[in-house]
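Data first, discussion second: the structure below is written as structure tokens.
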Amino acid sequence: MSIHMHMRAVAESEIRDDHTWLAAFMWEAWENHPDEYAGGIAESIDKVWDSVNDLYAAAAVLDEGVDDSWELPIYGGRPVAHSADADPSNPPLGILEPPGVSQAAGFLARVSFDELWNAAGARIVRSGWDEAQAREEFLAHHEGLQEFYGRAATAGHAVVRAVWA
């Protein structure tokens with residue numbers, strides 16, 4: 001089974017705060033994901049996004065003066081509630097507004113992946129995983145998120161998230 005967290009940068013003025021509309025918008029974005037990914041307006045993480053969040057949580061341990069910005073790249077923002085007539089099979093959705101996107105981009109730009117991995121990598125590596133391969137996978141996710149959030153913040157965009165199963 002394939003499951004993904006899909007993120008899409010979009011101008012806040014183009015977003016309707018309506019679950020049914022956002023689900024249709026994100027489905028279309030998912031259908032166009034290769035082009036949107038190449039254009040830098042989409043990012044996705046398969047199955048391990050919770051572990052990527054755990055990696056970022058290590059920032060709170062590494063720096064006593066750190067704010068809660070580490071929470072933003074994966075789970076930041078607010079959930080979009082289903083309307084009474086929404087299809088219950090629609091994906092969970094969330095919106096991170098432009099100030100949060102900028103804060104997430106700042107966190108990702110200043111955090112050291114190596115320090116995070118040294119602090120949390122051993123807990124993240126699952127049984128049966130090759131540690132070097134896992135490190136490379138998480139580094140790729142981190143670099144992808146750095147680029148994605150950096151572009152979205154520069155454009156002043158919000159980020160919409162959906163989880164597809």
Can you tell me how many residues within the range 125-161 are among the basic types (Lys, Arg) and part of a helix (DSSP H, G or I)?
2
Just one of Ala81, Ala122 is modelled with pLDDT under 95 and part of a helix (DSSP H, G or I); which is it?
Ala122
State the number of residues belonging to the range 113-134 that are of a type in the set (A, V, I, L, M) and exposed (fewer than 13 other Cβ atoms within 10 Å of the Cβ).
2
Inside the range 1-17, can you point out the residues that are surrounded by 15 or more Cβ atoms within 10 Å (Cβ to Cβ), within 17 Å of Glu97 (Cβ to Cβ) and not small (Gly, Ala, Ser)?
Met7, Arg8, Val10, Ile15
Within the set of pairs 6 or more residues apart or between chains, which connect a residue that is surrounded by 15 or more Cβ atoms within 10 Å (Cβ to Cβ) inside the range 135-160 to a residue that is of a type in the set (S, T, N, Q) and assigned to a helix (DSSP H, G or I) with Cβ atoms less than 8 Å apart?
Phe138/Ser51; Ala153/Ser102
I'd like to verify a number: residues in the range 90-112 that are free of Cβ contacts under 8 Å to residues at least 60 places away in the same chain and crowded, with 17+ Cβ neighbours inside 10 Å, how many?
8
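The values are calculated or read from the model by the stated rules, or taken from the named source; none is laboratory data. Predicted model, so just to flag it, every value in this text is computed and none were measured. In this analysis, Cβ positions are derived from the backbone assuming ideal geometry, glycine residues included, and neighbour counts consider all displayed protein chains.
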